[in-house]
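Only one structure is covered here, and it is reproduced in the block below.
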Amino acid sequence: LKRFSRLLERYRQEKELRELSQKLMELSNFQREITGKPDSASQKEISSQIDSIAKGLERYREFEGIDEKKLDELKEKLISALQSSNSALDKMRKGGNFRKDQGKTSLRLSDASKTAEELYNSLMENRTREVVSSLNEISDASAFINQRLAENPNERNIESSKMAVKDFEEKLRELSNKNVFVSPNLSKTAREIYQNLNRAQEELARGNGEKAQEALNEAREGLVKLSLMTSSSAQACQNSGGSGMEGYLRQL
């Protein structure tokens, strides 16, 4: 439940960013509809919504994987749109020519919508890249450790392998909270490998070579399994993007 709570929060962030682009485009279309009309109430509402969205952007900095430069760019465009909208409203009240400022507001909101879409795409790309890259690294490292243990299963290599697998377990647990297709079984498999390596080390210390080899064989089988599982999971995450929750919920 804790894992899914975290995954759903990441999905909420992704969904909110995706909907922001649509909201800005709708606001741009609304501005275009009233362009040339002395509708001060509607113009005031547009200014109010732009101001609210611009002020709310700061909390997006907390989203893991956010492109802060792109976020700053979006904020600048919204401030520019707000200035045009307020100028149109001011001229409307004073009886001036407000049409040009309304047109600028619509165009700037449309441009901001495109930037918001780019922000969403970069967030999804960054989140996907992080998870997929980490999974592929663990897959390659697992295969390498297995080969090293096959060639030279001494106590030193077993100890270093234990430490590496311990890191795998922690990393995989973290990744399982970031993409729904990173199964908790991956960290469980890493933990089992660690336990078998530890058992092999203990049996070697006791001088029981047969039992040590048995534990080592089980650990190596686990490493092969982990390498395949993480590679497969990386492909699923690549296909799902971001938290993977949208694709998962569609399947449900």
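The values are calculated or read from the model by the stated rules, or taken from the named source; none is laboratory data. Being a predicted model, the structure only gives us computed values, none of them experimental. In this analysis, Cβ positions are derived from the backbone assuming ideal geometry, glycine residues included, and neighbour counts consider all displayed protein chains. Just the protein is used for accessible areas: all its heavy atoms, side chains included, with ligands, DNA and RNA removed. Shrake-Rupley method; radii C 1.70, N 1.55, O 1.52, S 1.80 Å.
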On the accessible surface of the chain, probed at 1.4 Å with all protein chains in place, carbon and sulfur together account for a percent value of 47
With an 8 Å cut-off on Cα pairs and a minimum separation of 6 or more residues, tell me the relative contact order of the stretch 178-252 in percent. 45
Leaving out ligands, DNA and RNA but keeping every protein chain, what accessible area does residue 23 have, in Å² rounded to the nearest 10, with a 1.4 Å probe? 100
Just the accessible area for residue 229, please: 1.4 Å probe, Å², rounded to the nearest 10? 60
Which of the lysines could a cross-linker bridge to residue 225, judged by Cα under 19 Å and excluding same-chain residues fewer than eight apart? 162, 166, 171, 188
Using alpha carbon positions and the Kirkwood radius, the Rg to Rh ratio of the stretch 170-252 is 1.17
With every protein chain present, what accessible area does residue 66 have (1.4 Å probe, heavy atoms only), rounded to the nearest 10 Å²? 20
Which shape class applies to the stretch 104-158: rounded if a/c is under 1.5, otherwise prolate when a/b exceeds b/c and oblate if not, where a ≥ b ≥ c are the square roots of the Cα gyration tensor eigenvalues? prolate
Can you give the Rg to Rh ratio for the stretch 1-126, taking only C-alpha atoms and Rh from Kirkwood? 1.07
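Tell me whether the stretch 79-215 comes out rounded, prolate or oblate; compute the Cα gyration tensor, take square roots of the eigenvalues as a ≥ b ≥ c, and use a/c under 1.5 as the rounded threshold.
Because a/c hits 1.5 or more and a/b exceeds b/c, the stretch 79-215 counts as prolate.
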How many angstrom separate the Cα center of the stretch 76-121 from the Cα center of the stretch 184-252? 54
Leaving out ligands and nucleic acids, and using a 1.4 Å probe, what accessible area per residue does the chain come to in Å²? 53
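Please list 181, 63 from largest to smallest accessible area, probe radius 1.4 Å, with all protein chains kept in place.
Correct descending sequence by accessible area is 181, 63.
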Quick one: ranking 60, 248 by accessible area, 1.4 Å probe, largest first, what do you get? 248, 60
What lysines does residue 100 reach when the alpha-carbon gap must be under 25 Å and sequence neighbours fewer than 8 apart in one chain are set aside? 23, 37, 44, 75, 77, 91, 114
Those GluC sites (Glu not before Pro) in the stretch 1-82 that DSSP places in a loop and that have at most 13 other beta carbons within 10 Å: 64
Would you indicate which of (i) 43, 19, 16; (ii) 58, 14, 12; (iii) 32, 21, 19 is the value of semi-axes √(5λ) of the Cα gyration tensor in Å derived from the coordinates of this structure? (ii)
With a Cα-only, solvent-free Debye model of the stretch 142-184, what are the log10 I(q)/I(0) values at q = 0.14, 0.23, 0.24 Å⁻¹? -0.41, -0.74, -0.77
